[in-house]
Amino acid sequence: SCPGDSAQETAQLEEQLQGWGEVILAGDQVLRWKKPWFPGALMAATTLVFMMIYYLDPSVLTGLSCTVMLLCLSDYLVPTLAPRIFGSNKWSSEQQQRFHEICGNLVKTQRRILGWWKRLFSLKEEKPKMYFASVISSLVTVAWMGQQVHNLFLTYLIVSFLLLLPGLNQHGVISKYAGMAKREINKLLKQKEKKNE
């Protein structure tokens with residue numbers, strides 16, 4: 001993909017999300033744990049939302065309708081109310097730069113997902129047996145997990161992990177444990193090689 005296309009897509013996304021700018025920047029600070037109490041507050045809010053869903057126990061149709069309704073209300077109210085809540089419309093150069101980075105990261109993520117999707121379909125054409133074996137085994141694993149763990153609890157764990165992921169990444173927790181895992185794997189491989197000798 002051409003860098004020029006990526007820059008153009010980023011500029012378009014910035015324009016589309018301009019009304020959400022203040023909310024996105026505030027959310028970014030929370031997700032990256034700019035203050036030490038942010039991860040606790042994030043988990044408390046997530047737990048509260050999931051406890052409400054568990055308590056109310058809405059049907060799929062009701063849940064879907066309420067979610068879409070909240071999204072529509074947010075899309076209408078946020079661009080109007082955000083400047084009043086967060087103050088001045090004027091951003092510092094640092095805020096503008098961070099907003100640009102966030103939009104750029106969103107474009108990159110979208111491109112990665114599309115890339116994986118295309119690779120999956122190219123695998124289907126090139127190696128159909130491998131494609132069906134991997135897809136079926138993945139779906140069976142997911143189905144088994146869904147059977148073992150309550151759906152709502154599983155969703156809560158996935159959502160919590162995704163919300164904590166940017167902060168874990170920012171504070172080097174993921175790279176630390178990934179490095180530890182890599183070292184352990186290398187040790188095991190070296191031990192195997194010695195045994196083979």
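The values are calculated or read from the model by the stated rules, or taken from the named source; none is laboratory data. Note that the structure is predicted; figures quoted are calculated from it, not measured. FYI the Cβ positions are ideal-geometry reconstructions off the backbone, even for glycines, and counts take in every protein chain you see. What goes into the accessible areas is simple: the full protein's heavy atoms, side chains included, and nothing from ligands, DNA or RNA. Shrake-Rupley method; radii C 1.70, N 1.55, O 1.52, S 1.80 Å.
A few comments on the model shown:
- Residue selection: Arg84 satisfies the criterion of being among the basic types (Lys, Arg) and free of Cβ contacts under 8 Å to residues at least 12 places away in the same chain.
- Residue, nearest to Ala7 (Cα to Cα), within the stretch 107-123, restricted to residues that are at pLDDT 90 or above and aliphatic (A, V, I, L, M): Val107
- Screening Leu152, Leu165 for residues that are without any contact (Cβ under 8 Å) to a residue 12 or more places away in the chain, surrounded by 10 or more Cβ atoms within 10 Å (Cβ to Cβ) and assigned to a helix (DSSP H, G or I) leaves exactly one candidate, Leu165.
- Figure legend. Inter-residue proximity from the stretch 124-138: first residues of a type in the set (A, V, I, L, M, F, W, C), second residues open to solvent by less than 60 Å² (accessible area, probe 1.4 Å), beta-carbon distance below 7 Å, spacing 6+ or different chains. Indicated pairs: Met130/Leu123.
- Here Ala82 passes the criteria (1) under 15 Å from Gly19 (Cβ atoms); (2) open to solvent by 50 Å² or more (accessible area, probe 1.4 Å) except the one numbered (2).
- When we screen Gly146, Gly115, Gly104 for residues that are under 21 Å from Ile158 (Cβ atoms), open to solvent by less than 60 Å² (accessible area, probe 1.4 Å) and part of a helix (DSSP H, G or I), the only hit is Gly146.
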